Amino acid sequence: SFFDDVEGFERKDSEFICQQIPEKSKVLDNIKSIIEAVEDKFGADQLEISSDIQELLNEGKDEAKLFKVSLENGEKIKRSVGELNPQLSKNFKRILKPFQKMSVEHMIQVSNAANFSVPGSGKTTITYAALSNWLEEGTIDKILVIGPTSSFFPWEDEYRLCFGRKPHSRRIKGELANDLPNLNHELFLMHFSTAMNKVQKIIEFMSKNNVALIIDESHNIKSPEQKKWARTARNIAPYAEHRMILTGTPMPNSAKDLWVQITFLWPHEMPLKTSRSFKKYTRDHGIGEWKDTLYPLFTRVKKEELGLKKPKFKKYFVDLFPIQSEIYHAIAAKTLDEIYNFRDRGQIHKFRKAKIIRMLQAASNPTLIHEKADEFTLTNE
């Protein structure tokens with residue numbers, strides 16, 4: 001049956017039952033998936049859509065117009081020849097580097113944009129440069145950054161460097177998140193886990209203010225299987241005035257990792273269509289036919305554009321302590337054994353990060369290993 005691959009449906013005996021899904025964005029995704037599946041199977045002329053459902057589908061038509069213009073702007077900017085000089089707010093004090101200017105102009109013109117630049121390229125500065133215009137115009141009055149805790153200080157410090165003063169900022173965590181709708185700061189910083197548990201408070205906050213919503217290290221929302229954080233990102237996205245995603249690794253595993261990230265930027269328009277169709281297509285073809293859609297929506301500063309000198313690596317060989325050596329070789333032995341038993345690339349991706357990081361931890365400083373794991377159960381066999 002064509003419902004086998006439609007997300008949100010489960011087979012029960014001979015029937016398909018739609019799970020109860022409260023999130024509006026998820027409901028819309030399911031409706032579009034069903035329509036797509038029926039049209040693929042029987043043709044569009046065999047499908048009748050009720051007025052209530054059509055009204056739901058009509059939401060976001062204004063975004064469709066903006067999206068069309070944004071695609072045109074993004075394409076034009078990325079194919080431009082020569083250095084761009086974006087017009088910035090007089091409140092922005094920092095001097096942009098040549099390789100940052102196109103990304104700033106792109107963010108301003110595309111409105112909801114992605115920046116996939118390498119570390120060290122100044123993604124935070126680029127973002128603040130674009131935000132400075134919207135802050136001056138009054139298009140936005142608040143900035144909400146959701147990301148890892150390690151990103152909080154850079155966002156605060158870069159604000160000072162970009163605007164010449166300390167931000168009126170607040171790190172949101174714990175019970176403070178319940179007061180978010182009533183806080184009157186310029187910059188809000190929130191960890192992924194806090195956001196997952198305070199969706200309604202975030203929506204209330206953005207409904208009361210004009211908010212630029214930024215997902216830092218956006219590869220954390222990559223899962224098209226709609227894990228909890230991915231669902232959170234999609235549920236809060238429609239309430240933001242502007243949306244941005246920043247990461248140096250947009251596709252850690254495969255092309256399918258882009259679906260949630262790009263859909264977050266344009267939640268009503270869904271540039272990559274439904275998760276079902278995109279996942280199925282990229283599994284067989286990679287980016288393929290979606291390249292032209294993606295191209296105008298992001299910029300990427302490459303490492304060679306930074307003008308850095310070629311790194312010189314020096315190797316130092318240090319003997320491991322006995323226990324350290326025992327831990328390291330236990331991990332290495334089990335890792336090699338698993339590699340020999342793997343049958344597909346997907347399995348390698350699953351274990352690679354954890355096991356290789358464990359080996360690096362054991363080789364450099366075993367105290368970094370906090371949690372007990374099976375590979376550390378050593379025996380004398």
Item checked: Residue-by-residue Karplus 3J(HN,Hα) for the stretch 132-149, coefficients 6.51, -1.76, 1.60, Hz, glycine and proline x -> 4, 5, 5, 5, 5, 6, x, 4, 10, 10, 9, 10, 10, 10, 10, x, x, 4
Item checked: Violating pairs (Cα-Cα greater than 31 angstrom) within the set K123/K279; K78/K166; K65/K201; K123/K198; K123/K312 -> K78/K166
Check: Within a Cβ distance under 12 Å of E72, other residues only, what is the Lys/Arg minus Asp/Glu net charge?
Finding: +4
Margin query: Which of the three applies to the stretch 298-343, rounded, prolate or oblate, going by the alpha-carbon gyration tensor with a ≥ b ≥ c and a/c under 1.5 meaning rounded?
Written below: oblate
Next item on the list: Enter the Cα centre distance for the pair the stretch 72-114 and the stretch 253-298, rounded to the nearest angstrom.
Entry: 24
Check: When each pair of different Cα atoms in the stretch 263-337 is counted once in the 1/r mean, what is the Kirkwood radius in angstroms, to one decimal?
Finding: 18.1
Notebook entry, point to check: According to the Kirkwood expression over distinct Cα-Cα pairs, how big is the hydrodynamic radius of the stretch 93-243, in Å?
Noted result: 15.7
Next item on the list: For the stretch 278-294, take each phi angle, set θ = phi - 60°, evaluate the Karplus expression 6.51 cos²θ - 1.76 cosθ + 1.60, and give the result in whole Hz per residue in order, putting x for glycine and proline.
Entry: 5, 4, 5, 5, 5, 4, 9, 10, x, 5, x, 5, 8, 4, 5, 6, 6
Notebook entry, point to check: By the gyration tensor of its Cα atoms, with a ≥ b ≥ c the square roots of the eigenvalues, what is the shape of the stretch 173-247: rounded for a/c under 1.5, prolate for a/b over b/c, or oblate?
Noted result: prolate
Item checked: Order by protection proxy (mean Cβ within 10 Å, highest first), peptides 96-109, 303-316, 274-287 -> 96-109, 274-287, 303-316
Next item on the list: About the Cα centre of the stretch 179-305, how large is the charge dipole given +1 on each Lys and Arg Cβ and -1 on each Asp and Glu Cβ? Please answer in debye to the nearest 20.
Entry: 540
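Every number here is computed from the coordinates shown, using simple stated rules; none is lab data. All figures in this text were calculated on a predicted structure; none of them were measured in a lab. FYI the Cβ positions are ideal-geometry reconstructions off the backbone, even for glycines, and counts take in every protein chain you see.
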